[in-house]
Number of protein chains: 2
Amino acid sequence: MLKTNGYAAMSATTPPEPFAFERREPGEHDVLIEILFCGVCHSDIHQARGEWNNSTFPMVPGHEIVGRVARVGAAVTKFREGDMAGVGCFVDSCRVCDNCREGLEQYCEGHTAATYNGTEMDEKTPTYGGYSTQIVVDENYTLRIPAGLDPAGAAPLLCAGITTYSPLRHFNVREGQRVGVVGLGGLGHMGVKLAASMGADVTVFSTSPSKEGDARQLGAHHFVVTREPESLAPLANKFDLILDTVSAPHDVNLYLNLLRRDGVMVLVGVPEKPVEVQAFSVISNRRRFAGSSIGGIRETQEMLDYCAERRITSDVEVIPIQRIEEAYERTVKADVRYRFVIDIDSLRRGQ
Amino acid sequence: MLKTNGYAAMSATTPPEPFAFERREPGEHDVLIEILFCGVCHSDIHQARGEWNNSTFPMVPGHEIVGRVARVGAAVTKFREGDMAGVGCFVDSCRVCDNCREGLEQYCEGHTAATYNGTEMDEKTPTYGGYSTQIVVDENYTLRIPAGLDPAGAAPLLCAGITTYSPLRHFNVREGQRVGVVGLGGLGHMGVKLAASMGADVTVFSTSPSKEGDARQLGAHHFVVTREPESLAPLANKFDLILDTVSAPHDVNLYLNLLRRDGVMVLVGVPEKPVEVQAFSVISNRRRFAGSSIGGIRETQEMLDYCAERRITSDVEVIPIQRIEEAYERTVKADVRYRFVIDIDSLRRGQ
C-alpha cells in the first residue's frame with residue numbers, strides 16, 4: 001500500500017486537517033499520479049460540511065485533479081511515466097450499462113465510484129480525493145492534460161469546465177446563437193469562456209454590477225444586472241440557450257421567458273430547494289428546462305483538447321492547502337475570481 | 001353582418017346563457033361554417049369563470065369546432081360549399097414572424113387571434129367561439145375534416161387531439177419507446193390513443209384505480225395507480241417521454257425520476273401554481289421538463305388526416321347546449337369519459 005498524505009474533513013463541523021491514509025498499489029490497468037494541483041469546487045464544501053446528507057468521514061475532498069504520472073501498471077497503454085494527467089469527478093463506473101457503453105459514464109446506471117465521498121467498485125472501500133499527494137486511478141478513467149495547458153488553470157476544467165462544456169455541446173451551441181449565462185462564479189466564468197469560444201453571442205446575468213468588467217474580459221458581449229428585472233423585458237424570446245449556474249434560490253421563470261421557441265435552459269447549479277417553474281414559462285414557445293451533469297470520459301478528453309487548442313483555462317487563485325478553510329469561507333461568499341486551486345506542493349512541504 | 005345565435009358567459013359568475021351577436025360577412029378569403037359540434041375544453045371553463053384573469057365578457061367559448069362550409073369567399077381555393085371543416089384554438093395570426101412562416105402559428109411572435117376571448121387582427125374586434133350556430137374564418141386557418149371521421153368525435157381533436165399529437169411528434173415518439181401519460185381526462189385519453197397508435201408502449205398514471213379498464217381499452221399497455229408511490233419505484237429511468245396532462249397540483253419529480261437518459265416530460269396541462277422541480281430530477285440522466293402548446297395549422301391538418309386513416313376520434317358525450325352548465329360542473333369533477341361535445345343543432349332548435 002502507498003502511504004499518502006492529505007487533508008480530510010473528520011466531521012461535518014471541523015475544517016479539513018492533515019490526514020494520513022493509504023492508496024492501493026497500482027494494478028495492471030492503473031496509473032499512479034503525483035498530484036500537483038487540485039481545484040476547490042463548491043461541492044467539496046457542501047459535502048465536507050455534510051450539507052447534502054450524503055457525507056462519510058473522514059473525507060478527503062477534491063475532484064479537479066492535475067498531476068504527473070509517476071508509475072503505470074503493466075497493461076497500461078494510454079499513459080507513460082512523466083505524462084501530465086487529470087482526474088475528474090469519478091474514478092470508475094459499471095462499464096456495462098448502456099450509458100457507460102455510450103461513453104456517458106456520468107449517467108451510469110450501476111455503481112459509479114465518485115472520486116471522493118464515495119466507494120470503489122467493491123461498494124465498500126472509501127474513495128479519497130485530490131486534497132492529497134497522490135492518487136491511483138484506472139487508466140480508462142484518467143484524462144490526458146495536453147501540453148500547453150497551464151496545470152493550475154487546467155485543474156478546474158475537470159469539473160467546472162466539463163460541466164459547462166457538455167450542455168453547450170449537447171444542445172449544439174453554435175456561431176451566431178444567443179447564449180445566456182446566469183451567475184458568474186466558478187461554473188459561470190467557464191460557461192462564458194466556452195460559449196464565446198463557440199461563436200455564441202453571450203450575455204451574463206448577474207446580481208453584482210461590479211462583475212461587468214470581468215464578464216466582458218471573459219468574453220461576454222452583454223451584461224445584465226438581474227436586480228433590475230425591467231432590464232430583462234426587452235430580451236424576451238431572444239435566447240437559444242441559457243446556462244443556469246446558480247445554486248442560491250432564484251426565479252428561473254425570469255430566464256425561461258427569455259428563451260425563443262424550442263430554447264433550452266440548462267440547470268448545472270444545484271439549488272437546495274425545488275425550482276418553481278410556471279406552466280406558461282415552458283408551454284409558451286415550447287421551451288425546455290433541462291439539467292446536465294459533468295461529462296463522460298470521452299467528452300472530458302474532447303473538452304481538454306478543445307481548451308488546449310484555444311488556450312482556455314480557468315481563472316484561478318492558487319493557495320497552499322493550509323489555507324483551505326479560508327478558501328471555503330471565501331468561496332461560500334463568492335469572493336473568488338473564479339476558482340481556488342490548491343498547490344499540492346504545499347502539502348508535501350508542510351509534512 | 002350575419003346574425004348569429006350562441007351561448008355566452010356574461011360575467012365570471014353567471015353560467016353561459018343565450019346570446020345573439022353578429023359575425024362579419026365572409027371576405028374573399030373567408031369561409032362561413034355552419035357549426036355542427038363544438039367540444040367543451042376545460043380552458044372554456046377557466047376563462048368563462050375568469051380563473052385565468054384574462055377574461056372579456058360577453059364571452060362565447062368554444063375552440064373545438066366542426067361544421068359544414070355554407071359559403072366561401074371569391075378567392076377561396078381550399079374549401080367548397082358542403083365541405084366538412086374544423087376550427088381550433090386560433091383563427092388568425094401575424095403570418096410574418098419566423099414561427100408563422102414555419103407553420104408554428106401557435107407560437108406566433110405577433111398578435112394571434114384566439115378563437116374566443118381574444119381579438120381579431122385589428123386587436124379590437126372581439127372573437128366569439130364555437131358555442132354558436134356559425135363562424136367566419138380565413139381559409140388558411142380552417143382545417144379540412146376528412147371523410148370518415150365522426151364529426152362529434154372529431155371536434156375535440158382540434159384542441160385535445162393536437163395538444164397531445166404535437167409533442168408526441170415533436171419529440172419523435174416511435175415504435176418500441178416507453179411513453180407515460182399522467183392523468184386520464186380529455187387530453188390524457190387522446191394522448192393514450194395517439195401514443196399507442198405510434199407504436200409506443202404506453203403506461204397510464206392515474207389517481208383513479210377505476211380508470212384501469214378504460215385506459216386499457218383506449219390502448220394503454222400498463223396502468224399505475226399513483227396514490228401508491230411505491231408502485232413507481234421499479235419504473236425509475238425507464239421512460240422516453242411522459243406526457244403530463246394534469247392541471248391539479250401534483251409532484252412532477254415522481255415522474256421525472258421515471259425518465260431514462262435524455263428523456264423528456266412534456267407539460268400540456270396548466271397547473272395554476274408553479275410546478276416544483278428538484279434540481280437532481282433533471283440533472284440526473286440529463287432529463288428535460290418541457291412544455292407544448294396546441295399545434296400549428298399544418299400539423300393540425302396532418303393530425304386530422306392521421307386520425308382519419310387510423311379511425312381515431314375522441315370518446316365523447318354529446319349534450320344539448322342547454323345543459324352546458326351541468327357539463328361544466330361535471331368536467332370540473334372529471335366526471336366525463338372523456339369529452340363533452342355540444343350538438344349545435346340543439347341551439348338552432350332551441351331558438
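The values are calculated or read from the model by the stated rules, or taken from the named source; none is laboratory data. What you see is a predicted model, and the numbers here were worked out from it, not measured in a lab. Cβ atoms come from the backbone with ideal geometry, glycine included; neighbour counts cover every protein chain shown. Just so you know, the surface numbers come from the protein's heavy atoms only, side chains and all, with ligands and any DNA or RNA stripped out. Shrake-Rupley method; radii C 1.70, N 1.55, O 1.52, S 1.80 Å.
Observations on the structure shown:
- Nonpolar atom fraction for the range B:161-291, defined as the carbon and sulfur part of the 1.4 Å probe accessible area, stands at 47 percent.
- Taking each DSSP H run with n ≥ 4 as -39500 (n - 2.57) and averaging over every residue of the protein assembly as shown yields -6000 deg cm²/dmol at 222 nm.
- Interface residues of the range A:268-282, defined as a loss of at least 30 Å² in heavy-atom accessible area between the chain alone and the complex of all protein chains with a 1.4 Å probe, are A:Val270, A:Pro274, A:Val275, A:Glu276, A:Val277, A:Gln278, A:Ala279, A:Phe280, A:Val282.
- Anisotropy class assigned to the range B:187-249 is rounded, per the alpha carbon gyration tensor with a/c under the 1.5 cut-off.
- D_trans [Stokes-Einstein, Kirkwood Rh over alpha-carbon pairs] for the protein assembly as shown, 37 °C, 0.692 mPa s, µm² s⁻¹: 119
- Heavy atoms of A:Cys97: accessible area, 1.4 Å probe, square angstrom to 10: 20
- Solvent-accessible heavy-atom area per residue, rounded to whole Å², over the protein assembly as shown at 1.4 Å: 39
- Once the Cα atoms are used to define both axes, helix B:160-170 deviates from the longest principal axis of chain B by about 50 degrees.
- The chymotrypsin sites (Phe, Trp or Tyr not before Pro) of the range B:14-62 that meet both conditions, a loop assignment by DSSP and at most 16 other Cβ atoms within 10 Å of the site Cβ, are B:Trp52.
- Computed from the C-beta positions of A:Cys94 and A:Ser55 and an R0 of 25 Å, the FRET efficiency is 0.60 to the nearest 0.05.
- Residue pairs, from the table A:Lys333/B:Lys273; A:Lys273/A:Lys333; B:Lys211/B:Lys333; A:Lys238/A:Lys273; A:Lys211/A:Lys333; B:Lys3/B:Lys124, whose Cα atoms sit over 23 Å apart: A:Lys333/B:Lys273; A:Lys238/A:Lys273
- Residues in the range B:196-213 carry Karplus couplings, in order, of 5, 5, 8, x, 6, 8, 9, 10, 9, 9, 9, 7, 10, x, 5, 8, 4, x Hz; the curve used is 6.51 cos²θ - 1.76 cosθ + 1.60 with θ = phi - 60°, and Gly or Pro positions show x.
- Whole-number percent relative contact order across the range B:176-320, with pairs defined as alpha carbons under 8 Å at least 6 apart: 19
- Cut-off 19 Å (backbone N to label point 7 Å along Cα→Cβ of B:Glu120), residues of the range B:75-97: B:75-76, B:87-96
- The range A:6-37 and the range B:218-233: distance between their alpha carbon centers, rounded to Å: 46
- Volume per residue for the range A:161-291 equals 92 cubic angstrom (convex hull of Cα atoms).
- Area projected by the alpha carbon convex hull of the range A:44-187, averaged over all directions, nm²: 10.8
- Phi angles across the range A:15-24 convert, under the Karplus curve 6.51 cos²θ - 1.76 cosθ + 1.60 with θ = phi - 60°, into 3J(HN,Hα) values of x, x, 9, x, 8, 9, 8, 10, 9, 5 Hz, Gly and Pro given as x.
- Along its principal axes, the range B:101-170 has C-alpha extents of 37, 33, 19 angstrom, given from the largest down.
- For the pair B and A, total buried accessible area rounded to nearest 100 Å², probe 1.4 Å: 3100
- Compactness of the range B:1-115, taken as the C-alpha radius of gyration over 2.2 N^0.38 Å, stands at 1.16.
- Considering only Cα atoms, the convex hull volume of chain A works out to 130 Å³ per residue.
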